[in-house]
1. Report the charge-dipole magnitude of the chain in Debye, nearest 20, computed about the Cα centre from +1 at each Lys and Arg Cβ and -1 at each Asp and Glu Cβ.
2. State the extension gain, in nm to one decimal, for the chain segment bounded by K227 and K140, taking 0.36 nm per residue of separation less the distance between their alpha-carbons.
3. Would you mind getting me the FRET efficiency between S133 and D234? Use the beta-carbon distance for r and R0 = 30 Å, nearest 0.05.
4. Please give the peptides 189-200, 223-234 ranked by average Cβ packing (other Cβ atoms within 10 Å per residue), highest first, as a rough proxy for protection.
5. Taking θ = phi - 60°, what integer Hz values does the Karplus form 6.51 cos²θ - 1.76 cosθ + 1.60 yield along segment 272-287, in sequence order, with x for Gly and Pro?
6. Toward the positive end of the charge dipole of segment 253-323, about the Cα centre and with charges on Cβ (Lys, Arg +1; Asp, Glu -1), which of G289, V276, P257 goes farthest?
7. When the chain is treated as a GNM, springs tying every alpha-carbon pair under 10 Å, which of V129, V235, V62 comes out with the largest mean-square fluctuation?
8. Quote the charge dipole size of segment 41-178 about the Cα centre in Debye, to the nearest 20; the model charges only the Cβ of Lys and Arg (+1) and of Asp and Glu (-1).
Amino acid sequence: MKPFRYLVAGMVALSCAAAAGAQQPFPSRPIRLIVGFAPGGNTDTVARVVGHKLAERLGTQVVIDNRGGAGGTIGTEIAARATPDGYTLTMGTTTTHAIAVAAYSKLRYDPAKDFTPAALVAIAPYLLVVHPSIPARNLKEFVALVKSQPGKLNYGSAGTATTTHLAMVTLATRAGLDMTHVPFNGNGPATTAVLGGQVQVLFGAMPPLLPLVPAGRVRPIVVSSAKRSVSLPDVPTVAESGYPGFDVTLWLGFFAPRGTPPAVMKRLETELLHVVQSPDVKEQMTRQGLEPHSATSAELAKLVRTEIENYKTAFKTAGIKME
């Protein structure tokens with residue numbers, strides 16, 4: 001009977017060890033935060049600002065993993081297929097979790113079904129800039145210049161079907177502009193391209209562009225949001241420059257793969273909402289042209305569903321065709 005008793009004792013010990021492992025508090029190791037864009041843009045900036053503070057509150061590392069390409073969908077798909085244990089998160093955006101559904105007929109993930117939202121953390125306007133060699137100094141002059149040279153000017157974006165692309169497509173549709181689109185794998189590379197004159201125009205993310213404005217390396221024309229940016233109060237909006245109702249911004253939130261334990265998601269939601277309200281995070285975001293904006297998991301889930309339908313309708317109504 002001794003062998004049987006030893007077997008039972010061993011099984012009990014293993015069960016206890018498994019139970020102890022299952023009850024290990026979250027987090028017990030570093031968290032990977034997948035960013036579907038190259039360093040330097042809105043998504044990467046917010047991920048680093050919020051991720052750093054989140055790491056402090058959780059008592060672990062939050063490691064940024066940039067996986068740029070295909071309008072952020074490559075990195076987002078990787079996140080969707082990750083183990084749902086809370087140790088892989090992604091920065092979901094208007095681009096990856098709403099526009100992509102309207103833009104890609106064979107999207108390899110479902111933003112509403114494959115992810116569980118944690119919290120919304122920021123909203124970001126875009127800044128339309130031109131290379132200093134372009135003489136236009138306001139939107140009226142810019143529109144007139146483009147119309148005088150149809151098809152000759154190139155504009156950059158963070159990638160096909162990103163919000164930066166959509167912002168320019170929407171403006172071009174309303175103003176009747178003919179320009180050539182040159183997509184990049186993120187706002188960082190797109191900003192480098194306009195600096196070097198590879199493209200003459202960019203409706204780009206604020207963080208990499210703001211320090212270039214006072215230096216005269218790019219010239220600001222308009223911002224994409226309904227209200228002026230506190231970072232550039234002298235730069236008018238598209239809406240007040242002749243195109244009422246124009247308002248194209250990027251929302252950014254944290255998401256985990258569907259199936260992540262509810263207790264883990266609640267912890268992440270609670271900590272993220274605290275992070276966004278902290279004065280230092282607000283200051284860092286505002287300084288880079290971003291707007292801290294918090295919303296709960298439930299509110300973000302509703303936003304995703306609404307935005308998916310909004311962009312499907314917008315693409316159809318405006319006749320927007322993506323490459």
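Readers should treat all values here as calculations from the given coordinates under stated rules, not as data from a laboratory. On a predicted model such as this, the values are computed, not experimentally measured, just so you know. Ideal geometry is used to build each Cβ from the backbone, glycine not excepted, and the neighbour counts take in all protein chains shown.
1. Here the chain has a charge dipole of around 480 debye.
2. The span from K227 to K140 would gain 29.5 nm if fully extended.
3. Efficiency, from the Cβ-Cβ distance: 0.85.
4. Numbers: 189-200: 20.3, 223-234: 17.2.
Sorting 189-200, 223-234 by mean packing, highest first, produces 189-200, 223-234.
5. With the stated coefficients, segment 272-287 comes to 5, 5, 5, 4, 5, 8, 6, x, 5, 5, 4, 5, 5, 5, 4, 4 Hz.
6. P257
7. V235
8. 360 debye
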